[in-house]
Structures are given as C-alpha cells and as structure tokens.
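All of the numbers you see were taken from the coordinates with simple rules; none came from a lab. As the structure is a prediction and not an experimental result, all values here were calculated from the model. Ideal geometry is used to build each Cβ from the backbone, glycine not excepted, and the neighbour counts take in all protein chains shown.
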Amino acid sequence: MEVMIISAKKMHMLFSPARWPMVIMAAVLLGAFLLFASIPVETPPSAAPQSPPHAPSPSPPPPPPCPPLPSVARVAYDKPYDSRELCPLLAANQRDRAGPEKCTPHHPAFEPWLTLGWSGAFNRSMVRDFLGTRTVYTYDCENARYRPNHLERQIPCNEHDALAACATPSYAGPFPVASEEYLEWIDLLRAVQDAAMLNQPLVMMELGARYGTWMVRGAAAYVTLTGRRDYTVVGVEGDKIGYEWMQQHVHENGIEKPVLWHRAMGERDGQTVDMSWEGASHRVETISLPTLLAPHYRVHLVDMDIQGAELAVCQAAGSIAALNQKVRRVHIGTHSVAVHKALAALFITNGWAVDQSYEGRHNSDLWNPSQFTQVPIVGRVHFNDGVLSVRNKRFD
C-alpha cells in the first residue's frame, strides 16, 4: 500500500500544471523528429544504382500478302481472283502467257448459293468449301494418291496451305474449280434444288463413299438452301479406314441420323469380297442396289464411284427396275471406255436422259493440253475417270 501511495505521488508531481509546458514541448519535438525520419533521402545522381534500360520487344514481322499464288492455282487475268466466278487453272510454267481464258460465271446450278456461301474463321486442320463443310486436312491434302492426281482436291489443298502461311483470321469458303468433279457438283446441286422445288425431304446415296464427301455436301447444300434438316443421307464404303473416316466426317459436320454401311457394292447381298483401298487388305460383305433402295419412296440422287463394279451392279437382277421406280438422278464415275458405253446404253434403253457423258482418260497427265476436253459452260476439263450423268424422265 505504501509503494502505491509513493507512485501516485510521483505521478501527480509529473503531470502537475506546473510541468505541462515542458511535456507539450517534448511531444512537439518528438513529432517533428518522427516526421523528418519518414522523408526518404535522395541519393545524388552520381551515386544512384544504374539499372539496365528496358529494351522494347522486337515487333513480329508482318505476315506475307494473303494468299501467295500456289504452284498450281486458278488464275484471273483481268481482275482480282474471286472463286464466285469460274477461273481457268494454270500451272506455274503457264502463267507467263496472256492466254485467251477469262473468268466466266459458274454453271446455273450454283446460282442460289452464290449469295449464300459460307465465310468464317480459318482452321489449319480443316479444309472448308463454299457450303462450309469441314474436311480433315489429312484426308486429301496429305494423301499421296489424291493430291497429286486430282485437281479438284489439289487446288483447294494448295490454297489452304497458302492461307495457312499468311495466318489469315477468316476467309470465304471457295467454290469448286473446273475439273472432273465440277460436273458432280452440278448433279448434286440440281438434286438438292429438285427436292426443294418439290417440297420433299432430300434423300441421296453415295456408293463407294470413301469419307462421305458428296453426301455431306448434299446435306449442307440442302440445309443452306432450305433451312431444313429433314434430309436422309446414305453412305456405303467397303474399305475399313474409309468407313472410319466417313463416321468421323459426318460427326464433324453435324450430320443427323446418317445411314452408314461398311459394305462393298455387289450384285447380291452377303457375298464376301477382298478390299484394299486406303488401308490393308481385308474381306467385307456386299450389299445390292435393291436392298439399299427398298426403304425409300423417292431418292433424288445416287452418286456412284465403285471402282469398276458399276456396270455389274446396275445390270444385276432388280437393280435397274429399282432405279427406274425410285431414283431421279444418277451420277457415275466410270472406269473404262467399254463400261461407260455399256452403262449409257443401259440407261437410255430404260427411259433415262443422258445429261453429261465424258469418257475418262485414266491417266495422271494433268497439264498436257491434248488431254483436256472442252465442256460447255465449264471450260477445259481433264477427265481421269469418266463421268456419266443420267436423269429419270419418268419424274420430269
């Protein structure tokens, strides 16, 4: 108790009114000292630490002009190239000549799509066309059989590579070139317009489909033209790898309810044949035309590329009768002059009109002028396979 009393007395003496001026002065001095201590001291310039100057990042080089002209390309002599016109094809060693060729309008079958063509983002792994269909780059562009020997696949691959080199962000899907497949496009687009004009759901078949090129294009053309998705596409492919590609291709393009057959076309169902195409040899069962056509009331197009079996399949029991009854158009890739002539005679005898008939040369000399055939409206075309396009006059 005594200690506490002493401490209290000392505190009373410290804070007595007589000592207040001294306490206030001490507080002011302490505050000034603390304020001065918080101000940073500038280092003289000569003593300042030298940090290396920040070098700006070098600007990336500008992309090359887009697109550079590929080694083989379509050429417009008199104005900037636009695939909405049909321009001649020239190899690099032919471009120095003035040439009489000019770009011309596409065949009338293309007309509805000239203002409906797809455009969008560029994707290095996918080759696109004017319908926007997505084709895996490796199917054609890294295929040693197709790219060098088929202009209709070579040119889009060349142009795709040129676009990839200049890193273009977007582009318009190109229309096709003047080639053997251009005539196949005409038949396809006419069949789509038939279905639209008749207000019928499109039904088409691709026999020997490989990865399903034409049935996917048919579905895309129909959706683009009509806005409807009530189509039916049927694909038949005997090669195992081709069939797997076809499954992938229809999935990649959002094709709804495709009917896909891992079969070879044959005169009868259930035969076993050897297949060797994109992959190793294997055996596969056959399917016939009557079986494929049986579920359908009307088929707008049968597209057939079955590597020499076309005559036997069409002549088989029940085949021509089923075609007569149900099919509006047939497009056939023929594989010999004799087969071509026999098929044309078969269809003419059965009341079909021949819209296009060009025998194939069955060689790969793509740039020999003597190997080209002049096709009305289309221009000069190199035919490797033959092309036979027939129309069922019962439905005219």
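Which loop-located GluC sites (Glu not before Pro) does region 132-233 contain, where loop means any DSSP state but H, G, I, E or B and the Cβ has at most 13 other Cβ atoms within 10 Å? Spell out each step's value before the answer.
Details: sites: E142, E152, E159, E180, E181, E184, E206; in loops: E142.
When the GluC sites (Glu not before Pro) of region 132-233 are filtered for loop state and at most 13 Cβ neighbours within 10 Å, E142 remain.
Here the extension length gained between S370 and T349 equals 4.3 nm, from 0.36 nm per residue of separation less the Cα-Cα distance. Between I241 and Q325, the C-beta separation translates, for a Förster distance of 25 Å, into a calculated FRET efficiency of about 0.15. With the simple spin-label model, which puts each label point 7 Å out from Cα in the Cβ direction, the T272 to Q307 separation comes to 1.9 nm. With a cut-off of 14 Å on the backbone N, the residues of region 148-180 near the modelled label site 7 Å out from R124 along Cα-Cβ are 160-169. Between S281 and K341, the simple spin-label model (points 7 angstrom out along Cα→Cβ) gives 3.3 nm.
Excluding same-chain neighbours fewer than eight residues apart, the aspartates and glutamates reachable from K240 by a Cα-Cα span under 19 Å are D140, E142, E206, E252, D269, D274, E278, E285, D305.
Computing FRET efficiency as 1/(1 + (r/R0)^6) for N199 and T115, where r is the C-beta to C-beta distance and R0 is 30 Å, gives about 0.85.
Spacing of the modelled spin labels on N149 and E85, each 7 Å from Cα toward Cβ, amounts to 3.4 nm. Packing, taken as the mean count of other beta carbons within 10 Å per residue, orders the peptides 257-266, 232-241, 120-129 from highest to lowest as 232-241, 257-266, 120-129.
Under 8 Å for C-alpha pairs, at least 6 residues apart: give me the relative contact order for region 107-163, rounded to a whole percent. Can you show the working numbers first?
On the way: 44 pairs, mean separation 12.5, N = 57.
That works out to 22 percent.
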